[in-house]
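Enquirer: Dropping the structure in here first, questions after.
Each value in this text was obtained by applying a stated rule to the coordinates, not by laboratory testing. Please read all numbers here as calculations on a predicted model, not as lab measurements. We place every Cβ from the backbone using ideal geometry, glycine too, and count neighbours over all the protein chains shown.
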Amino acid sequence: MQNHLIEPSEVEQIIQQVSYKASIITVTLFDAVGKVLAEDIYADRDFPPFNRVAMDGIAVNFSEIEKGTHQFKVEGVQAAGSPQMTLQQTENCLEVMTGAMLPQNVDVVIPYEWTKKDGDIMIVEDFNNIQSFGNIHQKGSDHKEGSLILKSGSAITSAEIGLLATVGKHEVKVYSSPKFAIIATGDELVNVEDTPAPHQIRMSNCHTIQSRLQEEGLDSTIFHLKDDYEDLKQSIQSLFDEYDIFVFSGGVSKGKFDYLPQVFEELGVTKKFHGVKQRPGKPFWFGVTAKNQPIFALPGNPVSTYLCTNRYLIPWLYDQKAISAPLVKKYATLAEDFTFKKPLTFFLQVKAYYDKDGKLWAEPVKGGGSGDLTSLVKANAFLELEGQRSDFSKNEKLPIWFYKK
């Protein structure tokens, strides 16, 4: 019986309706990088908390500049980290360092580069750019106390770590990472360290998927299950009790030993779809357990597995806030004419690059089909060619899905 095939756009809609319910955990500031923020962060005081000197130089009262005063006697030095000083005589100045509190009774900082020193007298030589509150980072100009500075759902990078530290968040609430089970099926598979017999191959898809998740900061565990119906059912049932998200490689096509769809049905898994109008990756299967755990059952051919991982699994994880970095959909310009047989959407392996003008190009890479693992190394992205037509012209802009950064 032929499965009902759906369009790639329908795949997106269906899997986006399935939500991974991440728990919220508290981690130390130093363990938060790469996580997704699970709380709003507010300024605990004004930012900056005082009128901050923005350049090394002298601080004077602007009224003296307006009078035409260009020589100022130095009363002292205001260093960063020192208590606020006060200018005693408005016709004088204080030397000030970057990051210091602006002294009282002054309202402009003149950089050293615009002055010269003669003993304890500072002579201003350049008046062209002097203005009231020039070179002063004014109190509260970035954020007022109590204002929202980071929204829940934000990616935590090194920049956010600095901001969290500034507001005193030595602990922070983040979304927990899901527990992934990556399951390879097939009697023909052997471990990487083993020497395969003539009828066997080494496992590669599961390691490819695991590495792709690891690139996004996500851990996973690999399992290898043999093509035995009862063993599959028992092993998968036990995995349902321990893991949150499941990625299968192989066992979903039309072969006599592709048992997974039947096993899933017997275990009470709800099938959302089986079969996508695309090449490679046509037999892609997706469903959810009774506990709403998502199952991505991918075709066993290497390029099919990798395409489905990057086109569907990774974007879904971004939507679920399991991955911290924002996903931006990009388009690339086809570097040469290309033709394929419709009506299936074709994901063309390409070598994408930016030219000297910053334009993103996609150059087709010839491969040996969905089983050609070596072609993934030559390319760095998939270009999505819709299935409604066969001919695509040079200079067309088309959606691109990167798998190498």
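Enquirer: Would you pull out the residues with amide H under 5 Å of residue 287's amide H, same chain only if 5 or more places away, H placed 1.01 Å from N?
Expert: Hits under the 5 Å cutoff: 272, 295, 297.
Enquirer: Okay, moving on. Return the distance in nm (one decimal) between the two label points of a simple spin-label model at residue 234 and residue 187, each offset 7 Å from Cα along Cα→Cβ.
Expert: Those two pseudo-labels are separated by 1.8 nm.
Enquirer: Right, next: Quick one: grab the alpha carbon gyration tensor of the stretch 260-393, order the square roots of its eigenvalues as a ≥ b ≥ c, and give me rounded if a/c is under 1.5, else prolate or oblate depending on whether a/b is larger than b/c.
Expert: Working: a/c = 2.31, a/b = 1.62, b/c = 1.43.
Prolate shape, in that a/c is at least 1.5 and a/b is the bigger ratio.
Enquirer: Right, another one. Just add up the charged neighbours of residue 315: K/R +1, D/E -1, any other residue whose Cβ is under 9 Å from the Cβ of residue 315.
Expert: Working: positive: 311, 329; negative: 12, 319.
Taking every Cβ under 9 Å from that of residue 315, the sum is 0.
Enquirer: Near the amide H of residue 78, under 5 Å away, which other amide H atoms are found, from residues 5 or more places off or on another chain, if H is placed in the peptide plane?
Expert: 95, 96, 97
Enquirer: Kindly count the pairs of lysines across the stretch 128-190 whose alpha carbons are less than 26 Å apart, treating pairs on different chains or eight or more residues apart as eligible. The partial results should precede the final answer.
Expert: Working: 139/151; 139/169; 144/169; 144/173; 151/169; 151/173; 151/179.
Lysine pair count for the stretch 128-190: 7.
Enquirer: Compute the distance from the alpha-carbon center of the stretch 157-202 to that of the stretch 20-40, in whole Å.
Expert: 16 Å
Enquirer: Could you grab the relative contact order for the chain? Cα pairs under 8 Å, six or more apart, rounded to a whole percent. Numbers along the way, then the final one.
Expert: Values: 881 pairs, mean separation 65.8, N = 405.
Averaging sequence separation for qualifying contacts and normalising by length gives 16 percent for the chain.
Enquirer: For the chain, give the share of DSSP beta bridges that are antiparallel, in percent and rounded to the nearest 5; count only bridges with both residues there. Don't skip to the answer; put the middle values down first.
Expert: Numbers: 54 of 80 bridges.
Within the chain, antiparallel bridges account for around 70 percent of the total.
Enquirer: Also: Ranked highest first by average number of other Cβ atoms within 10 Å, how do 100-111, 20-31 line up? The partial results should precede the final answer.
Expert: Working: 100-111: 21.3, 20-31: 12.8.
Those peptides, ordered most packed to least, come out 100-111, 20-31.
Enquirer: I would also like to ask the following. Which pairs break 19 Å Cα to Cα here: 73/117; 254/342; 351/397?
Expert: Details: 73/117 10 Å; 254/342 22 Å; 351/397 15 Å.
Checking Cα-Cα distances, 254/342 exceed 19 Å.
Enquirer: Could you rank the peptides 208-217, 195-204, 74-83 by their average count of other C-beta atoms within 10 Å per residue, with the highest value first? Numbers along the way, then the final one.
Expert: Details: 208-217: 17.0, 195-204: 11.3, 74-83: 13.7.
Sorting 208-217, 195-204, 74-83 by mean packing, highest first, produces 208-217, 74-83, 195-204.
Enquirer: List, in order, the whole-Hz ³J(HN,Hα) value for each residue of the stretch 173-181 obtained from phi through the Karplus relation with A = 6.51, B = -1.76, C = 1.60 and θ = phi - 60°; use x for Gly and Pro.
Expert: For the stretch 173-181, the Karplus curve yields 8, 9, 7, 5, 7, x, 8, 9, 10 Hz.
Enquirer: Let me ask you something else. When a/c is below 1.5 the answer is rounded, else prolate if a/b is larger than b/c, else oblate, so apply that to the chain with a ≥ b ≥ c taken from the square roots of the Cα gyration tensor eigenvalues.
Expert: Details: a/c = 3.53, a/b = 2.34, b/c = 1.51.
Here the chain falls in the prolate category.
Enquirer: Okay, next question. For the stretch 330-402, report the translational diffusion coefficient in µm²/s to the nearest whole number, using Stokes-Einstein at 37 °C, 0.692 mPa s, and a Kirkwood Rh over Cα pairs.
Expert: Values: Rh = 12.4 Å.
In µm²/s, the coefficient is 266.
Enquirer: On to the next question. Using each residue's phi in the stretch 137-145, evaluate 6.51 cos²θ - 1.76 cosθ + 1.60 at θ = phi - 60° and report the 3J(HN,Hα) Karplus result to the nearest Hz, with x for Gly and Pro.
Expert: 8, 6, 3, x, 6, 8, 8, 8, 3
Enquirer: Which peptide among 90-99, 390-399, 236-245, 298-307 comes first, and what is the full order, when sorted by highest mean count of other Cβ atoms within 10 Å?
Expert: In descending order of packing, they fall as 298-307, 90-99, 236-245, 390-399.
Enquirer: Using helices alone, I'd like the mean residue ellipticity at 222 nm for the chain: each DSSP H run of four-plus residues gives -39500 (n - 2.57), total over residue count, nearest 500. All intermediate terms of the calculation are to be shown ahead of the outcome.
Expert: Values: 9 runs with 72 residues, N = 405.
Mean residue ellipticity, 222 nm, calculated: -5000 deg cm²/dmol.
Enquirer: Please list, ordered by chain and number, the residues whose modelled amide H lies under 5 Å from the amide H of residue 190; skip anything fewer than 5 residues away on the same chain.
Expert: Counting only residues 5 or more places away or on other chains, the set is 201, 202, 203.
Enquirer: Rounded to whole Hz and in sequence order, give me ³J(HN,Hα) for the stretch 103-115 from the Karplus expression 6.51 cos²θ - 1.76 cosθ + 1.60, θ = phi - 60°, writing x for Gly and Pro.
Expert: x, 6, 6, 10, 8, 7, 10, 9, x, 3, 4, 9, 10
Enquirer: Next up: In terms of the Cα gyration tensor, with a ≥ b ≥ c the square roots of its eigenvalues, is the stretch 177-264 rounded because a/c is under 1.5, prolate because a/b exceeds b/c, or oblate?
Expert: oblate
Enquirer: Need one number: nm distance between label points at residue 215 and residue 29, each 7 Å from Cα along Cα→Cβ, rounded to one decimal.
Expert: 3.2 nm
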